[in-house]
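In what follows, a single structure is set out as C-alpha cells and then discussed.
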Amino acid sequence: MLKKRVFLVFCLLAAWAVGSHAELTIEVTSGVDNPTVVAVSPIKEKSGVLPEDISAIVSADLERSGLFRSIARQNMLSFPGDQSEVYYRDWRVLGAQYLVFGNAEKLPDGRTKVVFGLAEVLGEKVVLSQVVHGRDDSLRDIAHYISDKVYEALTGVRGAFSTRLAYVTSVRGASGRTMYRLMVSDADGARERMMLESTEPLMSPGWSPDGRELVYVSFETGRPAIFRQKLSDASRKQVTNFTGLNGAPAWSPDGRKLALVLSKDGNPEIYLYDFVSGEFTRMTKHFSIDTEPNWTVDSKSIIFTSDRGGSPQIYKLDIASGATERLTFRGNYNARPRLAPDGRTLVMVHRDGGGFHIASQDLVTNDFRILTSTQMDESPTVAPNGAMLLYSTKRGGKGVLAAVSIDAGVKFFLPAREGDVREPAWSPFL
Amino acid sequence: MSFQTLKNGFLIALLSSFLVACSSTGKNDGSASGVTGDGSGSGVTTGGAGDSGAYGDDLSAGGTLATVFYFDFDSTNLKPEARAALNGHAQRLKSSPIYVRLEGHGDERGSREYNMALGERRANSVKEYLVLQGVDGQYIEVISYGEERPAALGSDESSWGLNRRVEIRRR
C-alpha cells in the first residue's frame with residue numbers, strides 16, 4: 001500500500017511537470033443540471049513523461065460538452081493504468097459514474113501505443129476498451145479520439161472532438177493598420193495554425209466536405225474574390241474574379257458545386273459554380289438582396305437570405321425546379337442560415353428587441369427558439385454531430401467565439417488571446 | 001496575388017512535406033489520424049495589393065467637398081448633405097473626368113455577407129446619383145467592404161453612424 005502511495009506522488013509530479021498549456025481557456029458558463037460524472041485517470045507512460053497530458057485533454061473535451069463533469073486529479077485515490085488496477089470503491093466514494101483509465105507505451109519504432117478503457121463504476125464493468133497508436137506529435141489526436149469514443153459510448157452520438165475550426169482574426173497594429181488572418185485550429189482551440197495573412201479583409205471561410213480544403217473571400221486583389229486553399233500544402237486557387245460582390249462561398253455536401261454570391265449583373269444573386277465544368281449558373285433573379293447561400297444535406301436545395309419580402313428572411317430554393325419558399329416568419333431580421341446535420345434544424349441570426357441572437361427553427365414542427373442571450377451574435381456554425389454550435393459575438397469590445405448546445409442548455413466562450421476573432425466554421429468529420 | 005505569395009506557398013509546401021504526420025491512431029475508422037495526416041500548412045503571407053492610396057486632395061477640393069457620405073440604419077437613401085456634396089463632385093467629374101472608386105461600408109450589426117450587400121447598395125445609390133447628374137458611369141467603380149473596415153471601433157450609435165458610409169476615392 002505504501003508503495004502505491006509513493007508511486008502516486010511521483011505520477012502527480014510528472015503530471016504537473018507536463019502541465020497543461022492550451023492556447024484557449026474554455027469557460028463553461030452554463031451546463032446541464034445533472035452532468036454525468038466521468039473521472040479520467042492520468043494516462044502515463046511506463047518509462048517516461050509524455051509531451052502531452054492525454055487525460056487532461058480528454059477531461060477538458062468532456063467538460064466542454066457541458067454534459068459531463070470530471071474529477072480533479074488531486075482528489076483521486078488511485079491512478080489505474082489498466083483494468084486490473086481499477087478499484088471501483090475508490091471511484092464510488094468520489095461520486096464518479098464512469099472512469100476512463102489507460103496507459104501508454106513507447107514502441108521501438110518511436111510511436112506511442114495507448115491502451116484505454118471506459119468503466120461503469122456502479123456496474124463494476126468495463127464497457128469499452130481500445131488500443132491506439134500515434135507519434136508524439138499526434139498525442140492530442142489520440143486524446144481527442146479517446147474523447148470521441150467515450151462521448152459516443154455514453155451519449156450514443158458520435159463525438160466531434162477530432163474535428164477542426166476555421167475562423168478569421170483581425171489585429172489592429174500600432175500603425176493603425178489591421179492584419180487579417182485565416183486560422184485553423186483543433187475543435188478545442190489548440191494547435192492554431194495560420195493559413196493566410198493579409199492587410200486586406202478576409203471573410204466567410206467554409207470547408208470542403210472532405211475537410212481538406214477551405215474556401216473564403218479575400219480582398220488581396222483590391223476587390224473581393226473567392227479562393228480555395230488546401231490545408232495540406234497551403235496551395236490555393238482563385239475561383240472568382242468578377243466585378244462587384246464575390247462572396248459567401250458554400251461547398252455542396254456532395255463536393256461537386258460551390259454556391260456563391262455575385263453582383264456582376266448589378267444586384268447580389270446566388271450562383272452555382274460547377275467544379276468540373278467551370279460553369280457559373282445563376283439561381284436567383286430578383287431585384288432585392290439574395291445572399292448567404294447554404295446547402296440542404298442532399299445537395300438538392302439552397303437555403304439563403306433575401307430581403308425580397310421587405311426585411312431579411314430565409315428562403316429555400318429547389319435547384320431542379322427553381323421553386324422558392326419562405327422559411328422564416330418570426331421578427332423582421334433572420335439571416336445567415338445554416339442547416340444542422342439532421343437536415344431539419346435551421347440556425348440563423350435573429351434580431352429581437354434585445355439585439356442580434358442565434359436562433360433555431362425546426363423545419364418540421366416550426367418550433368422557434370432563441371438560443372443565445374448575448375448580443376451582436378453572428379455566423380452560427382453547427383458541429384458535424386449536431387450537438388453544439390459555435391458563433392461569434394462581442395465581449396468587452398472584442399470579437400470572441402462562443403458556443404451553445406443545440407438545445408441551449410450548455411454555453412461557453414472561447415476567449416481569444418489577441419485581436420478580434422470571428423466567422424467560425426466547424427469542419428466536417430475528418 | 002503576388003509572386004511572394006506563390007513563393008511562400010511553395011516553401012511551405014516543401015516544408016510541410018517533411019512534416020507530414022504518419023500517425024495511425026484509430027485502428028478501425030482512423031478518424032483521428034486524418035487530422036494530422038494533412039498537417040495543415042502554416043501561413044501564406046499575402047502582401048495586400050492595396051488601393052490607390054489616400055484621398056486625392058483634388059477630390060475634396062482643398063477640404064471644401066465632403067468625400068464621405070453617411071447613411072441611416074438599414075437605409076441606402078442619400079441624405080440632403082450628401083446630395084449637396086455629390087453635386088459638387090459631379091460638376092468636377094464632368095469637367096475633368098477621372099476614375100473614382102466608391103467604397104460602401106456598413107455597421108457591425110447583423111450578418112457580414114448581408115452587410116456586404118448593403119454596402120454595395122449604398123455605393124450604388126451614390127453612383128446612380130452621380131450618373132443622374134451627368135457623370136459618365138464608366139469612370140466609377142463600386143466596391144463594398146461591408147463591416148470589414150470600420151472607421152470607428154466602438155459598439156455604440158455614434159460609431160455605427162460613422163461606419164455606415166460611402167467614401168469616394170481616386171482610383
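The values are calculated or read from the model by the stated rules, or taken from the named source; none is laboratory data. Keep in mind the model is a prediction, meaning the values are calculated, not measured. Cβ atoms come from the backbone with ideal geometry, glycine included; neighbour counts cover every protein chain shown.
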Filtering segment A:61-76 for residues that are in contact (Cβ under 8 Å) with a residue 40 or more places away in the chain, surrounded by fewer than 24 Cβ atoms within 10 Å (Cβ to Cβ) and assigned to a helix (DSSP H, G or I) leaves a count of 3
Select from segment B:79-110 the residues that are touching a helix residue (DSSP H, G or I) at 6+ places or on another chain (Cβ under 6 Å) and of a type outside the set (D, E, K, R) and write down the one among them that is modelled with the lowest pLDDT. B:P97
Which of the numbered conditions does A:Y87 fail, given that it passes all the others? Conditions: (1) aromatic (F, W, Y); (2) within 29 Å of A:R422 (Cα to Cα); (3) free of Cβ contacts under 8 Å to residues at least 12 places away in the same chain. (2)
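Rundown of residues vs (1) closer than 29 Å to A:R158 by Cα; (2) out of contact with any Gly (no Cβ under 8 Å at 6 or more places or on another chain), yes/no style:
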position: A:G322; (1), (2): no, yes
position: A:R338; (1), (2): yes, yes
position: A:V349; (1), (2): yes, no
position: A:G353; (1), (2): no, yes
position: A:P380; (1), (2): yes, yes
position: A:R395; (1), (2): no, yes
position: A:L414; (1), (2): yes, no
May I ask you to list pairs of residues, at least six apart or on different chains, whose Cβ atoms are under 9 Å apart, with the first in segment A:39-54 being farther than 15 Å from A:L139 by Cβ and the second being among the β-branched types (V, I, T)? A:A39/A:I71; A:A39/A:V100; A:A39/A:V121; A:S41/A:V86; A:S41/A:V100
Considering A:R336, A:R308, which residue is more than 11 Å from chain B (Cβ to nearest Cβ) and at pLDDT 95 or above? A:R308
Looking at (1) in a strand (DSSP E or B); (2) modelled with pLDDT under 95, which one does A:R191 not meet, given that it meets all the others? (1)
Does B:V68 satisfy the condition of being more than 14 Å from chain A (Cβ to nearest Cβ), touching a strand residue (DSSP E or B) at 6+ places or on another chain (Cβ under 8 Å), surrounded by fewer than 18 Cβ atoms within 10 Å (Cβ to Cβ) and closer than 23 Å to A:P201 by Cβ? yes
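Okay, residues lined up against (1) within 12 Å of B:I168 (Cα to Cα); (2) under 22 Å from the mean Cα position of the chain (by Cα); (3) without any contact (Cβ under 8 Å) to a residue 12 or more places away in the chain; (4) not in a strand (DSSP E or B):
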{"position": "B:R83", "(1), (2), (3), (4)": "no, no, no, yes"}
{"position": "B:A90", "(1), (2), (3), (4)": "yes, no, no, yes"}
{"position": "B:K94", "(1), (2), (3), (4)": "no, no, no, yes"}
{"position": "B:P97", "(1), (2), (3), (4)": "no, no, no, yes"}
{"position": "B:E103", "(1), (2), (3), (4)": "yes, yes, no, no"}
{"position": "B:E108", "(1), (2), (3), (4)": "no, yes, no, yes"}
{"position": "B:E113", "(1), (2), (3), (4)": "no, yes, no, yes"}
{"position": "B:M116", "(1), (2), (3), (4)": "no, yes, no, yes"}
If you take the residues of segment A:384-413 that are within 14 Å of another protein chain (Cβ to nearest Cβ) and of a type in the set (G, A, S), which of them is surrounded by the most Cβ atoms within 10 Å (Cβ to Cβ)? A:S392
When you check A:Y180 against the structure, is it without any contact (Cβ under 8 Å) to a residue 24 or more places away in the chain and either over 30 Å from A:S84 (Cα atoms) or polar (S, T, N, Q) (or both), yes or no? yes
How many of the residues in segment A:186-200 are facing chain B (nearest Cβ under 9 Å) and touching a residue at least 24 places away in the same chain (Cβ under 8 Å)? 4
Would you check if A:R326 is more than 14 Å from chain B (Cβ to nearest Cβ) and modelled with pLDDT of 95 or more? yes
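Could you list, in sequence order, the residues of segment A:281-302 that are among the β-branched types (V, I, T) and within 15 Å of A:S379 (Cα to Cα)? Spell out how you get there, then give the answer.
Start the filter on segment A:281-302 by keeping residues that are among the β-branched types (V, I, T), which leaves A:281, A:284, A:289, A:291, A:296-297, A:302.
Residue satisfying the conditions is A:T291 alone.
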I'm checking my understanding of the structure. Among residues of segment A:214-236 that are at the interface with chain B (Cβ under 10 Å from one of its Cβ atoms) and charged (D, E, K, R), which one is nearest to the chain's Cα centre (by Cα)? A:K230
Scan segment A:177-185 and give yes if some residue there is over 23 Å from the mean Cα position of the chain (by Cα) and of a type outside the set (S, T, Y), otherwise no. yes
Can you work out which of the residues in segment A:201-213 that are assigned to a loop (DSSP other than H, G, I, E, B) and at negative phi is farthest from the other protein chains (Cβ to nearest Cβ)? A:P209
Inside segment A:119-149, can you point out the residues that are surrounded by fewer than 16 Cβ atoms within 10 Å (Cβ to Cβ) and either facing chain B (nearest Cβ under 7 Å) or among the acidic types (D, E) (or both)? A:E124, A:V131, A:D136
Among (1) buried (at least 24 other Cβ atoms within 10 Å of the Cβ); (2) among the polar types (S, T, N, Q); (3) part of a loop (DSSP other than H, G, I, E, B), A:S175 falls short only on (1)
